[in-house]
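Data first, discussion second: the structure below is written as structure tokens.
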Amino acid sequence: MFSNYLIYRDKGIQFRVTIYRQENVQNPLTAHYYYNPALILDPGSAVCSFNSFIKRHEVTFSVITWDEEFENFVISESNRKLGSILPRSNL
């Protein structure tokens, strides 16, 4: 299975996104591509508090599990690396 990776940078965070291509399809325009969805922690949302029920401190924060900006990044960078336009439905 073909794989490649992209580096995503946004709002002070950076992580690697691995892209996998469907096997046994030679034409990159007809192959399907897969990548793991991102789970991005929002550092500005962290709150520390004391839970009086369990008598312990807790830290809570928001996470972003899907983001249109992230999806657009993956599509545009994949197109740039492949040198051709992939149909959005193939990624």
| said: Please list, by residue number, every one of the chymotrypsin sites (Phe, Trp or Tyr not before Pro) in the range 48-91 that is coil in DSSP and has at most 14 other beta-carbon atoms within 10 Å. | reply: Phe53, Phe61, Trp66
| task | Enumerate by residue number the trypsin sites (Lys or Arg not before Pro) in the range 1-67 meeting two conditions: DSSP loop (anything except H, G, I, E, B), and at most 14 other Cβ atoms within 10 Å of the site's Cβ. | result | Lys11, Lys55
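Local charge sum around Phe50 (other residues, Cβ-Cβ under 10 Å, Lys/Arg +1, Asp/Glu -1)?
Residues near Phe50 contribute +1 overall.
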| What list of ³J(HN,Hα) values in whole Hz, one per residue of the range 46-59 in order, does the Karplus curve 6.51 cos²θ - 1.76 cosθ + 1.60 (θ = phi - 60°) give from phi, with Gly and Pro shown as x? | 5, 9, 9, 8, 9, 8, 6, 6, 9, 6, 9, 7, 10, 10
| message | I'd like the orientation of helix 68-82 relative to the chain: the angle between its Cα long axis and the longest Cα principal axis, in ° from 0 to 90, rounded to 10. | response | 30 degrees
| remark: The answer for Ile19, listing residues at least 5 apart or on another chain whose modeled amide H is closer than 5 Å to its amide H, is Asn4, Tyr5, Leu6
| task | Read phi for every residue in the range 15-32 and hand back ³J(HN,Hα) as whole Hz from Karplus 6.51 cos²θ - 1.76 cosθ + 1.60, θ = phi - 60°, with x for Gly and Pro. | result | 8, 8, 10, 8, 10, 10, 9, 4, 6, 6, 10, 7, 7, x, 7, 9, 6, 9
| remark: Amide H neighbours of His32 at under 5 Å, excluding residues fewer than 5 places away on the same chain, with H built from the backbone geometry, are Gln22
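Do any GluC sites (Glu not before Pro) in the range 1-82 lie in a loop, going by DSSP, with at most 16 other beta-carbon atoms within 10 Å of their beta carbon, and if so which?
Counting only loop positions with at most 16 other Cβ atoms within 10 Å, the GluC sites (Glu not before Pro) in the range 1-82 are Glu23.
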| message | Which one, Val74, Val63, Val17, has the greatest fluctuation when you compute a Gaussian network model over the chain with C-alpha springs under 10 angstrom? | response | Val63
| message | Could you identify which residue out of Asn51, Asn24, Asn72 has the top mean-square fluctuation in a GNM of the chain using Cα springs shorter than 10 Å? | response | Asn51
| request: Could you give the size of the charge dipole of the chain about its Cα centre, using +1 on the Cβ of each K and R and -1 on the Cβ of each D and E, expressed in debye and rounded to the nearest 20? | output: 220 debye
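Values quoted throughout were computed directly from the atomic coordinates according to the rules given, and no laboratory measurement underlies them. In this text, all values refer to a predicted model and were calculated from it rather than measured experimentally. Every residue, glycine among them, receives a Cβ derived from its backbone with ideal geometry; neighbour counts consider all protein chains shown.
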